[in-house]
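One structure is given below, encoded as structure tokens.
The values are calculated or read from the model by the stated rules, or taken from the named source; none is laboratory data. In this text the structure is predicted, and so the values were computed from the model without any measurement. No Cβ is skipped: glycine too gets one built from the backbone with ideal geometry, and neighbour counts run over all protein chains shown. Surface accessibility is based on the protein's heavy atoms, side chains included, excluding ligands, DNA and RNA. Shrake-Rupley method; radii C 1.70, N 1.55, O 1.52, S 1.80 Å.
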Amino acid sequence: MAMGDWVEISVACDSAAADDLAAYLSRYCAGGAAVEQLRTDPNGRDLEARWCVKGFVPADDQATQQKIEIALLLLSRDGSISEPMVRTLLHRDWAEAWKEHFPVLHIGRRLVVAPTWRHHAPAEGEVVIRLDPGMAFGTGLHATTRLCMVGVERLVQPGDHVLDVGTGSGILAIAAALLGAAHATAVDIDPICVQVATENARLNGVAERVTVSLGSLDSGGAPRVSLVQETGFDLVLANILAEVIVDMAHDMPRVLRSGGHLVASGILAEKADAVITALEDVGLQVLERLEETGWAALIAVKP
């Protein structure tokens, strides 16, 4: 097995399970998870209601591979998903296999996410984000990112200053800049995400208005990276996880201006009430709850 080879782990599932499986694989797999709709099986039967969810792990990372396989095997016992299928890909094959499953996506009223390797001729009024997610989360495929982008499209105003916490691929900060924000500060605790988001900002011609760096908000523990010092943001975006948002809630009023908005996503619907409580406890007012396929995003304002 050569250095740079990859292991592809995939399962077939129904549509209800696809998002949860994609979210799970995104935690451990390079480039997040790929999702594709299955049309027919080898016997020609219609499988339109079935989906294939797959992720890619470096071939020399056997510990992560085994962790994923065990979890998927346990989940397959109730019959809602197939047993995991595993195959090894050469590095060049992985690059192409990974790219195949990212289509051009239309999100909200105007936003379009177009991978750099796909052609898209924009229609009048479309705001197109050219994206190469690399090894960072945030492609628009997952409901958490789509919900956050809907919030960005609704809320960002020309001249706004935006903070994107846990930027991943940079997709949200770039969307804000393309929609007219004067500046977006994008932070992440992962150096790979900082590198990918910086390159994506350059690809979209907004590098001068999107600053990407290692950083975060205060989550209560010993900080792994520098904390954001700037305050007075018009819009704060946090597409992370419910538990992390709850931990960071106490620091969000500090960085928001009075009248500024927060879009918090990455929240399983059943955990949304706990996040709402945490935000309201620090003085934010939750205005709206958006939901898609078991995931929630919250829009809040600092009075």
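Picking from residues in region 184-211 that are over 16 Å from the mean Cα position of the chain (by Cα), touching a residue at least 40 places away in the same chain (Cβ under 8 Å) and within 20 Å of residue 152 (Cβ to Cβ), the one that is surrounded by the most Cβ atoms within 10 Å (Cβ to Cβ) is 210. Determine if region 165-177 includes at least one residue that is open to solvent by less than 10 Å² (accessible area, probe 1.4 Å), in contact with a Lys or Arg (Cβ under 7 Å, 6 or more places away or on another chain) and under 23 Å from residue 129 (Cβ atoms). Yes, region 165-177 contains a residue that is open to solvent by less than 10 Å² (accessible area, probe 1.4 Å), in contact with a Lys or Arg (Cβ under 7 Å, 6 or more places away or on another chain) and under 23 Å from residue 129 (Cβ atoms).
For region 70-90, residues that are outside any strand (DSSP E or B) and open to solvent by less than 50 Å² (accessible area, probe 1.4 Å) total 6. Cβ separations smaller than 6 Å between residues 6+ apart or across chains give the following pairs from region 65-82 residues that are under 16 Å from residue 18 (Cβ atoms) to residues that are open to solvent by less than 40 Å² (accessible area, probe 1.4 Å) and in a loop (DSSP other than H, G, I, E, B): 72/84.
Whenever a residue of region 278-297 is closer than 15 Å to residue 247 by Cα and open to solvent by 70 Å² or more (accessible area, probe 1.4 Å), its partners that are in a strand (DSSP E or B) and at pLDDT 95 or above, lying with C-beta atoms within less than 7 angstrom and at least six residues away or across chains, give the pairs 280/286.
The set of residues in region 243-277 that are open to solvent by 50 Å² or more (accessible area, probe 1.4 Å) and either in contact with a Leu (Cβ under 9 Å, 6 or more places away or on another chain) or not hydroxyl-bearing (Ser, Thr, Tyr) (or both) comprises 243, 246, 247, 250, 254, 257, 270, 271, 273, 274. For region 241-263, the tally of residues that are hydrophobic (A, V, I, L, M, F, W, C) and within 20 Å of residue 153 (Cβ to Cβ) stands at 3. Residues in region 146-189 that are hydroxyl-bearing (Ser, Thr, Tyr) and out of contact with any Ser or Thr (no Cβ under 7 Å at 6 or more places or on another chain): 167 only. Number of residues in region 243-269 that are more than 15 Å from residue 280 (Cβ to Cβ) and either in a helix (DSSP H, G or I) or of a type in the set (D, E, K, R) (or both): the value is 8.
Any chance region 241-261 includes a residue that's hydroxyl-bearing (Ser, Thr, Tyr), modelled with pLDDT of 95 or more and under 28 Å from residue 20 (Cβ atoms)?
Taking region 241-261 first, the residues hydroxyl-bearing (Ser, Thr, Tyr) are 258.
Those still in the list that are modelled with pLDDT of 95 or more too: 258.
Checking the rest, the ones that are also under 28 Å from residue 20 (Cβ atoms) come to none.
No, because not a single residue in region 241-261 is hydroxyl-bearing (Ser, Thr, Tyr), modelled with pLDDT of 95 or more and under 28 Å from residue 20 (Cβ atoms).
Taking (1) modelled with pLDDT of 85 or more; (2) assigned to a strand (DSSP E or B); (3) open to solvent by 30 Å² or more (accessible area, probe 1.4 Å); (4) not hydroxyl-bearing (Ser, Thr, Tyr) in turn, residue 63 satisfies each apart from (2). Of all residue pairs spaced 6 or more apart or on separate chains, those with beta-carbon atoms under 8 Å, a first member in region 217-230 that is over 24 Å from residue 161 (Cα atoms) and a second member that is open to solvent by 60 Å² or more (accessible area, probe 1.4 Å) and in a loop (DSSP other than H, G, I, E, B) are 224/189. Considering region 126-145, the residues that are over 19 Å from residue 199 (Cβ atoms) and modelled with pLDDT of 90 or more include one that is least open to solvent (accessible area, probe 1.4 Å), namely 127.
A quick yes/no check of all residues on (1) out of contact with any helix residue (DSSP H, G or I) (no Cβ under 8 Å at 6 or more places or on another chain); (2) of a type in the set (S, T, N, Q):
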{"position": "113", "(1), (2)": "no, no"}
{"position": "116", "(1), (2)": "no, yes"}
{"position": "119", "(1), (2)": "yes, no"}
{"position": "154", "(1), (2)": "yes, no"}
{"position": "179", "(1), (2)": "no, no"}
{"position": "208", "(1), (2)": "yes, no"}
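So, of the residues in region 224-242 that are in contact with a Lys or Arg (Cβ under 8 Å, 6 or more places away or on another chain) and not in a strand (DSSP E or B), which turns out to be most open to solvent (accessible area, probe 1.4 Å)? Walk me through it before giving the result.
Residues of region 224-242 in contact with a Lys or Arg (Cβ under 8 Å, 6 or more places away or on another chain): 231-234, 242.
From the residues that got through so far, the ones that are not in a strand (DSSP E or B) too are 231-232, 242.
Details: 231: 75, 232: 38, 242: 7 Å².
Ranking the candidates gives 231 first.
For residues that are at pLDDT 75 or above and basic (Lys, Arg), scanning just region 93-125, find the one that is nearest to residue 7 (Cα to Cα). Per the criteria, the residue is 118.
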